[in-house]
1. Among all residue pairs at least 6 apart or on different chains, which show Cβ distances below 8 Å where the first residue, located in the range A:33-54, is among the hydrophobic types (A, V, I, L, M, F, W, C) and the second is crowded, with 22+ Cβ neighbours inside 10 Å and in a loop (DSSP other than H, G, I, E, B)?
2. Given B:105, B:50, B:43, which one is free of Cβ contacts under 8 Å to residues at least 12 places away in the same chain and buried (at least 18 other Cβ atoms within 10 Å of the Cβ)?
3. Considering only residues that are without any contact (Cβ under 8 Å) to a residue 40 or more places away in the chain, among the charged types (D, E, K, R), out of contact with any Lys or Arg (no Cβ under 7 Å at 6 or more places or on another chain) and open to solvent by 10 Å² or more (accessible area, probe 1.4 Å), which ones fall in the range A:55-96?
4. Report yes if residue A:41 is within 14 Å of chain B (Cβ to nearest Cβ) and under 24 Å from residue B:88 (Cβ atoms), otherwise no.
5. Give the residues of the range B:12-52 that are among the small types (Gly, Ala, Ser) and within 10 Å of chain A (Cβ to nearest Cβ), sorted by residue number.
6. I'd like the full set of residues that are outside any loop (DSSP other than H, G, I, E, B) and either closer than 28 Å to residue A:39 by Cβ or of a type in the set (Val, Ile, Thr) (or both), limited to the range B:6-31.
7. When you look at residue B:37, is it closer than 24 Å to residue A:94 by Cβ and touching a strand residue (DSSP E or B) at 6+ places or on another chain (Cβ under 7 Å), yes or no?
8. If residue A:70 passes every condition in (1) more than 14 Å from chain B (Cβ to nearest Cβ); (2) at pLDDT below 95 but one, which one does it miss?
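The values are calculated or read from the model by the stated rules, or taken from the named source; none is laboratory data. All of these numbers come straight from a predicted model, not from anything done at the bench. Here the Cβ positions follow ideal geometry from the backbone for every residue, glycine too, while neighbour counts run over all protein chains shown. In case anyone asks, the SASA skips ligands and DNA or RNA and just uses the protein heavy atoms, side chains included. Shrake-Rupley method; radii C 1.70, N 1.55, O 1.52, S 1.80 Å.
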Amino acid sequence: DGGITQSPKYLFRKEGQNVTLSCEQNLNHDAMYWYRQDPGQGLRLIYYSQIVNDFQKGDIAEGYSVSREKKESFPLTVTSAQKNPTAFYLCASSKTSSSDEQFFGPGTRLTVL
Amino acid sequence: DAKTTQPNSMESNEEEPVHLPCNHSTISGTDYIHWYRQLPSQGPEYVIHGLTSNVNNRMASLAIAEDRKSSTLILHRATLRDAAVYYCTTYAGGTSYGKLTFGQGTILTVHP
């Protein structure tokens with residue numbers, strides 16, 4: 001089945017540690033995205049990538065980093081510089097970056113202790 | 001990026017139509033209007049999108065105002081499985097293409 005996988009579903013880290021969230025898609029989509037969602041809030045864009053080896057900052061990129069070395073993979077690193085990293089993180093992809101619908105993964109809930 | 005405004009919550013009875021409104025008064029001419037819905041602790045699911053004309057698909061209909069400053073998502077016959085948070089978003093065209101701008105969403109409750 002085609003889709004987006006995110007792992008792990010739940011992640012716990014100590015304060016001050018960097019952590020990398022995985023996102024893989026087998027939909028052959030060019031564009032990939034990372035969003036953050038806080039309780040009771042909408043999604044906010046962290047980073048997005050329209051093609052391999054290229055990515056742009058979204059609205060809340062500070063404290064995060066990404067890479068796009070392969071078309072199917074777009075990992076997100078939450079660094080110790082992110083002040084409030086506890087949140088629900090969602091990865092998405094789309095065919096192109098025009099009007100196409102975005103397909104979302106199941107999300108990773110990160111808790112920093 | 002165009003901001004969207006939706007009611008915090010709405011209620012409906014099963015089998016009845018539901019009209020979910022959205023205001024996006026600052027939308028630009030190249031921005032698409034997308035709707036997604038989300039169940040608790042899951043990723044959002046695409047519902048429908050449009051630019052200027054009204055749109056229909058198997059899930060819903062989208063009615064877009066002539067001035068494009070508002071739109072309405074129409075669920076023709078609500079079911080219990082339609083209970084979710086519905087997000088009206090704008091999808092930036094032009095040089096910012098690919099960016100979805102999410103608002104707070106509308107929590108839809110469907111009563112049996």
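1. Sorted first by the residue in the range A:33-54, then by its partner, the pairs are A:34/A:74; A:43/B:44.
2. Details: B:105 fails: free of Cβ contacts under 8 Å to residues at least 12 places away in the same chain; B:50 fails: free of Cβ contacts under 8 Å to residues at least 12 places away in the same chain.
None of the other options fit; the residue is B:43.
3. Within the range A:55-96, A:57, A:62, A:69, A:70, A:83 meet the criteria.
4. On the way: within 14 Å of chain B (Cβ to nearest Cβ): yes; under 24 Å from residue B:88 (Cβ atoms): yes.
The answer is yes for residue A:41.
5. Residues of the range B:12-52 among the small types (Gly, Ala, Ser): B:12, B:25, B:28-29, B:41, B:43, B:50.
Passing the criteria: B:41, B:43, B:50.
6. Residues of the range B:6-31 that are outside any loop (DSSP other than H, G, I, E, B), as a first pass: B:9-13, B:18-23.
B:9, B:10, B:11, B:12, B:18, B:19, B:20, B:21, B:22, B:23 - these are the residues of the range B:6-31 that are outside any loop (DSSP other than H, G, I, E, B) and either closer than 28 Å to residue A:39 by Cβ or of a type in the set (Val, Ile, Thr) (or both).
7. Working: closer than 24 Å to residue A:94 by Cβ: yes; touching a strand residue (DSSP E or B) at 6+ places or on another chain (Cβ under 7 Å): yes.
Criteria met by residue B:37.
8. Tallying (1) more than 14 Å from chain B (Cβ to nearest Cβ); (2) at pLDDT below 95, residue A:70 fails exactly one: (2).
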